[in-house]
Amino acid sequence: MARNVSTRRKIVVTVVAWTIGILIFFPILWTFLTSFKTEAEAIASPPSLFFFDWTTENYHEVQSRSNYFLHFMNSVVVSFGSTLIGLIIAIPSAWAMAFSPTKRTKDVLMWMLSTKMMPSVGVLVPMYLLFRNTGLLDTRTGLVIVLTLINLPIIIWMLYTYFKEIPGEILEAARMDGASLSNEIIYVLTPMAIPGIASTLLLNIILAWNEAFWTLNLSAAKAAPLTAFIASYSSPEGLFYAKLSAASTMAIAPILILGWFSQKQLVRGLTFGAVK
Amino acid sequence: MATLHTRSAARLMIAPSVLLLLAWMIVPLAMTIYFSFLRYNLLMPGMEEFAGFSNYTYFLTDPAFFQALFNTLAIVLGVLFITVVGGIALALLLDQPMFGQGIVRILVIAPFLIMPTVAALVWKNMFMNPVNGLFAWLAKLFGLQPFDFLANAPLMSVILIVAWQWLPFATLILLTALQSLDEEQKEAAQMDGASAWSRFIYLVLPHLSRAITVVILIQTIFLLSVFAEILVTTNGGPGTQSTNLTFLVYAQALLQFDVGGASAGGIIAVILANIVAFFLMRMIGKTLEA
């Protein structure tokens, strides 16, 4: 009897949760479906959910009208580039702070985090002028530099919380056996740290891919990643819902897939280890 | 037992990050402070002169500033209210046993992974558009007049779009915290005859308080600088009805080329964010000790 009640309850919870889940997800689903409609069907009234003539024409159109692939590659280069450079700088730092902590380590970590609190708009003017004067405006290099700097504190923090969980005794033992610093890093630490590094990499690619303050302000036609390219659809130019949807679907699909694989790391990385 | 050798090696390994972040923090900020005391417009090069506090008085007495300050607070508080209340409700729901829990979780998390410009444009065109949007179609279906969201309630529309993006974040963190609640404690309370409501008030809510604080503080940092959503939907308008502080500074700098005025605005934004950051840092500092 009790079991019966709990099954009924489970079914009710399931129906409610799925309804809410689908409602929250609906704008994304709708974008995906619209990307396969013709422009006329995209604004048809009443709108059709599944029963329309599916076409992939929009995807071709988006590429032929504007160089979509260029902007896609800009996003790839900028997000991977800034994350990889960030990791190269951050791994030694996080390693040192996790395994040879001093009295000031905590202060250094907190200070690094505090740089993340500075609102970007506070340094927009000088960054714009510096970039203009050094020719970095609208270049991939410039965007990589800025995104590396804004995400460096998060990378260091995430790595630090992961490295902290590696038992220090193992490193001591390796040191006793006469392993040099570089050997210690390559053969002992790295294999144990790979999962943490992978999670950090994933989260930061997501953050860099979606970053939409600096990419919008410091890039124009040449180096614009997808965030800035999609923004160019904001000016109305006739009927363009289906094309907007196609461009959007391609821009969000890779990150949706990455993000679904890294739900747990998302929480940890975004709360700086405060919620695990 | 760190030796002198490893200690200096450690210092060497930390140095690049520290120096980079130090440069990143000091150089542009010092330049902003310097510019904020200059009369400096990019359209009139070579005319720079010391202006004292006039940029600040100009910015602080501009009616647009008060509108922007109000809008900034409205966006922060509005989004926080929706995401925290909604997040608690959703987390409690997703914590229940159900079929296909993993898939529902994925559906709920998705909006957080969407880039801001895509999210804003999809809402603007395909939902809120008064002619072709889905909301307009729904309104007509019920015999109502379609509502032009972005023209008549621009600030509310921006809040709605941003809240949709941040609801998953709050839900995810609160759900993670909820799952660390001791099952035995819940059962014990149930055995003692505590109602579902009093279990929520006296057991679940106190357990979540820390996660709620973290959600509020981290979201506030990001919500203070909402930008892309405003740029692609309302462009700050009509007038300055949906201009927040970040957007106001952007408009002053890159649309009016007023380097001095924009810099003063930037410094004001930094001061505001620092007040919030102060509390956040104390929170996270405490967890470091634990």
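Before moving on, here are some points about what is shown:
- Filter result for the condition that a residue is part of a helix (DSSP H, G or I) and more than 10 Å from chain B (Cβ to nearest Cβ), over A:VAL121, A:VAL108, A:VAL146, A:VAL77: A:VAL77
- Residues being at the interface with another protein chain (Cβ under 8 Å from one of its Cβ atoms), among the hydrophobic types (A, V, I, L, M, F, W, C) and not in a helix (DSSP H, G or I) - total across the stretch B:209-249: 2
- Selected residue (only one of A:ALA212, A:ALA198, A:ALA221, A:ALA193 is within 30 Å of A:LEU109 (Cβ to Cβ), part of a loop (DSSP other than H, G, I, E, B) and assigned by TED's automatic domain parsing to the domain that holds A:TYR160): A:ALA212
- In the stretch B:12-25, the residues that are facing another protein chain (nearest Cβ under 7 Å) reach residues that are part of a helix (DSSP H, G or I) and at pLDDT below 85 with C-beta atoms within less than 6 angstrom, at least six apart or across chains, in these pairs: B:LEU21/A:THR115; B:MET25/A:THR115.
- Test result for A:LEU152, in contact (Cβ under 8 Å) with a residue 60 or more places away in the chain, touching a Pro at 6+ places or on another chain (Cβ under 8 Å) and part of a helix (DSSP H, G or I): no
- Verdict on B:VAL204 being more than 8 Å from chain A (Cβ to nearest Cβ) and more than 20 Å from the chain's Cα centre (by Cα): yes
- Taking the criterion of being at pLDDT below 90, facing chain B (nearest Cβ under 9 Å) and touching a Lys or Arg at 6+ places or on another chain (Cβ under 9 Å), the residues of the stretch A:225-259 that qualify are A:TYR233, A:SER234, A:TYR241.
- Remark: B:GLY260 matches the filter, which requires a residue to be in contact with a strand residue (DSSP E or B) (Cβ under 6 Å, 6 or more places away or on another chain), closer than 28 Å to B:LEU38 by Cβ and either outside any helix (DSSP H, G or I) or touching a residue at least 24 places away in the same chain (Cβ under 8 Å) (or both).
- Within the stretch A:1-51, considering residues that are within 7 Å of chain B (Cβ to nearest Cβ) and among the hydroxyl-bearing types (Ser, Thr, Tyr), the one farthest from B:LEU141 (Cα to Cα): A:THR14
- Pairs are defined by a Cβ separation below 6 Å, a sequence spacing of at least 6 or placement on different chains, a first member in the stretch A:161-176 that is within 21 Å of A:GLN265 (Cβ to Cβ), and a second member that is surrounded by fewer than 17 Cβ atoms within 10 Å (Cβ to Cβ); the pairs so defined are A:ILE166/A:MET192.
- Odd one out for A:THR115, checked against (1) more than 30 Å from B:LEU141 (Cα to Cα); (2) surrounded by fewer than 22 Cβ atoms within 10 Å (Cβ to Cβ); (3) more than 12 Å from every other protein chain (Cβ to nearest Cβ): (3)
- One residue stands out among those in the stretch B:131-184 that are outside any loop (DSSP other than H, G, I, E, B) and of a type in the set (Ser, Thr, Tyr): the one that is nearest to B:ASN235 (Cα to Cα), which is B:SER157.
- Among (1) within 16 Å of A:ALA98 (Cβ to Cβ); (2) away from chain B (no Cβ under 11 Å); (3) assigned to a helix (DSSP H, G or I) - the single one A:TYR160 does not satisfy: (2)
The values are calculated or read from the model by the stated rules, or taken from the named source; none is laboratory data. No experiment lies behind these values; they were computed from the predicted model shown. So basically every Cβ, Gly included, is an ideal-geometry build from the backbone, and we count neighbours across all protein chains shown.
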